[in-house]
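Working notes, beginning with the structure itself.
The values are calculated or read from the model by the stated rules, or taken from the named source; none is laboratory data. No experiment lies behind these values; they were computed from the predicted model shown. Neighbour counts run over all protein chains shown; Cβ positions are idealised from the backbone, glycine included.
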Amino acid sequence: MPTREDALNLLKEYNKSETLVQHGLQVEACMRYFAKEAGEDEEKWGIVGLLHDLDYEMFPEQHCHKAAQIMQERGYSEEIIRAMMSHAYGICTDVEPQSQMEKTLYAVDELSGLVNACVLVRPSKSISDLGVKSVKKKFKSKSFAAGVDREVVKKGAAMIGMELDELIAKVIEAMKANAKEIGVA
């Protein structure tokens, strides 16, 4: 299996936008956090998070499908490729999240983007003082981070059997743990 370093290099090869690379790092941090909590393979879950939007910048019309092709060529397992595909279930793939890893990716992808947006508008520009209440308030405001699909976040929370508040709290904690590296310090 390719290493985390291989995955990060691959992400940077296909994404010149610092924002998209940062998003990959943020989702990776969340996936590693949830993997550790579940006693699962942190490396594998992290790589799935890192590469979930691999093709988004260069091939938006082929999102996920082009990534699957690239990842196959680079030696990624079918399990990792399927998980990456499942994050866009009902949007541009029909790959329904089934494993815990897939459901977790589906649950944290959009939400990590919302948490990042919340950090950007804070006076401190830091996740260190961000609370669930602030994120919930922004979650309810449809015009804030309008690209974040709130229904996907709700479906994801239900998939992994978590209340929305608990999921938000865990995503904040996951991102806090790597705040500097993922751009939310």
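Can Lys44 be described as part of a helix (DSSP H, G or I) and surrounded by fewer than 21 Cβ atoms within 10 Å (Cβ to Cβ)?
yes
Listed here are the residues, each with its yes/no results for (1) buried (at least 23 other Cβ atoms within 10 Å of the Cβ); (2) out of contact with any Phe, Trp or Tyr (no Cβ under 8 Å at 6 or more places or on another chain); (3) of a type in the set (A, V, I, L, M, F, W, C).
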| position | (1), (2), (3) |
| --- | --- |
| Glu28 | yes, yes, no |
| Phe34 | yes, no, yes |
| Gly75 | no, yes, no |
| Glu79 | no, yes, no |
| Gly90 | no, yes, no |
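Under 18 Å from Asp149 (Cβ atoms) and at pLDDT below 95 - does that describe any residue in region 72-90?
yes
Could you please tell me which pairs satisfy a Cβ distance under 9 Å, a separation of 6+ or placement on different chains, a first residue in region 1-21 that is farther than 15 Å from Val48 by Cα, and a second residue that is of a type in the set (A, V, I, L, M) and exposed (fewer than 13 other Cβ atoms within 10 Å of the Cβ)?
Within 9 Å, no pair qualifies.
Given the structure, is Lys66 part of a helix (DSSP H, G or I) and loosely packed, with under 14 Cβ neighbours inside 10 Å?
The answer is no for Lys66.
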